[in-house]
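No value in this document is a laboratory result; all are computed from the given coordinates. Not measured: the values here are computed from a predicted model. Reconstructed Cβ throughout: ideal geometry from the backbone, glycine too, with neighbour counts over all protein chains shown.
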Amino acid sequence: MLIGEVARQSGVSARMLRHYESLGLVRPSDRRGSGYREYSSDDIRRIFHIESLRSLGLSLREIGRALDDPGFTPSALVGDLIRQTRERITTETELLTRLRQIDAAEPADWEGVLQVVALLRALGSKSAAVRQRAALSLADEVPMPVEALVEAVLSEAEPNVAGALRWALARSGNDAGPALLARGLGSPVTAVRERAVRSLAVMLGDEATARLRDALAIPDAAVRGYAALALGTRGVAEAVPTLIDMIVEGRNDTDAADTLSMLARDTATADQIAAGLVDRLAHAATEAPARGRLTQALADIPGPMASRALVELSHDRDRAVALTATYLIRLRDAQ
């Protein structure tokens, strides 16, 4: 079979077939008197083998070794190809992410693109000071890459930098921020979940509040606590059970009690809070330290229900609880 026909049937150009021949990969079995190359069926089979190995990413030199060296073992080479492919995928994925971040910022011109690129580099710096300056220097006229900011917030371990990034994200006013942060709530990494909820806590708007409500159902107690404190300051009564749990467990119990006090400004919510505190006080599994904290929390809850509970607690079998309740009653009477 002549070279032109081989090229048509194999899909390999005549130029490439000549290149294979120059490298010694495929040598036509015969030549006609006119000098035309004559390829045998074995030659054609070898061409297909070469193309198959090229599709795996092997170089022509490696292909020659694979086809001609009887002692050649593919395992090491294939393993190396897997490593190289993974590295290439990682590099291309990082580039794609960077391009998407620039696109999401919607820069108006090339100057804007360059500003975004500079910001992304600064946010990815190994220097905490550089990352913090980048977050604090964001101005309204600079395109805001919200996806990049969320990624930076969720990965930032330095407290000062994390605070600056949360400020920048909240200041962006971008509606996509809460939804992007909500993905972090489902992370298997505890620190990432906490960063996500703390960022949502400083963001305003209905979307952020809705995501914080969702966080109340997360098994992670620390995440629920951050969400409850933030929701309490927004007047969301759904946070009450979690806040009471925090008091019982002694986790940020002072902040939780203060937040309950804020929520208790609403009469209906005040009764709900008092009922919840009394219920936990009566629970047999509630230990003495927790009962003391619950009694103290009743002090700042207005209304007759809380007052009646304190009167009953002033006769409690636990002397510490009884003394605390008696003292709190005197304070309430003096006001």
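What the table shows:
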item	result
Spacing of the two label points (7 Å from each Cα toward its C-beta) at Glu21 and Ala104, in nm	5.5 nm
Segment Thr91-Asp42, length gained on full extension (0.36 nm per residue, minus Cα span)	13.7 nm
Cα centroid separation - the stretch 10-33 against the stretch 218-285, whole Å	80 Å
Cα gyration tensor shape of the stretch 81-218, rounded if a/c is under 1.5, else prolate or oblate by comparing a/b with b/c	oblate
For the stretch 3-72: relative contact order, % (alpha-carbon pairs under 8 angstrom, 6 or more apart)	22 percent
Most mobile listed residue (His19, His315, His283) in the chain, GNM with C-alpha springs under 10 Å	His19
Nitroxide proxy distance, nm - points 7 Å out along Cα→Cβ at Leu323 and Ala268	4.1 nm
Top of Ala306, Ala164, Ala288 by mean-square fluctuation, Gaussian network on the chain, Cα under 10 Å	Ala288
Whole-Hz couplings from phi, Karplus 6.51/-1.76/1.60, listed for the stretch 318-324; x for Gly and Pro	7, 4, 4, 5, 4, 5, 4
Karplus (6.51, -1.76, 1.60) ³J(HN,Hα), θ = phi - 60°, over the stretch 116-127, in Hz, Gly and Pro reported as x	5, 4, 4, 5, 4, 5, 5, 5, x, 5, 6, 8
Sequence ranges 109-118, 196-205, ranked by mean other-Cβ count within 10 angstrom, highest first	196-205, 109-118
Three-way shape call for the stretch 235-335 based on the alpha-carbon gyration tensor, with the a/c threshold at 1.5	oblate
Residue order, fewest to most beta carbons within 10 Å, for Arg18, Arg166	Arg18, Arg166
R0 of 35 Å, Cβ-Cβ distance Ala118-Val189: FRET efficiency to nearest 0.05	0.75
Selected from Leu58, Leu323, Leu229 as most flexible by GNM, with the chain as the system and alpha-carbon contacts under 10 Å	Leu58
Overall form of the chain per C-alpha gyration tensor (a/c, 1.5; a/b vs b/c)	prolate
